[in-house]
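Trainee: Please see the structure below; I have some questions.
Every number here is computed from the coordinates shown, using simple stated rules; none is lab data. Source: prediction; values computed, not measured. We place every Cβ from the backbone using ideal geometry, glycine too, and count neighbours over all the protein chains shown.
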Amino acid sequence: MKPLDRAALVAWLRTRSNHRTPLVASIYDGLAARLERGDFDTTEEDR
């Protein structure tokens, strides 16, 4: 399985956070923030 390029994913989510619908924009922004914090890391050493 190919490793995830987290920086590229966060950058893409940040570009999508300028969506015209505020609800959709906040979802993209929230996902980007959680990825940056490491909320989805599965092991403790990744955090």
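Trainee: How many of the residues in segment 26-47 are in contact with a helix residue (DSSP H, G or I) (Cβ under 8 Å, 6 or more places away or on another chain) and not in a loop (DSSP other than H, G, I, E, B)?
Mentor: Going through segment 26-47 one residue at a time, the tally reaches 6.
Trainee: Let me ask another. Taking only segment 1-17 into account, find how many residues are in a loop (DSSP other than H, G, I, E, B) and either among the basic types (Lys, Arg) or surrounded by 10 or more Cβ atoms within 10 Å (Cβ to Cβ) (or both).
Mentor: So the count comes out to 4.
Trainee: If you don't mind, another one. From the residues in segment 18-27 that are farther than 18 Å from residue 37 by Cα and of a type in the set (Val, Ile, Thr), which one is surrounded by the fewest Cβ atoms within 10 Å (Cβ to Cβ)?
Mentor: Per the criteria, the residue is 21.
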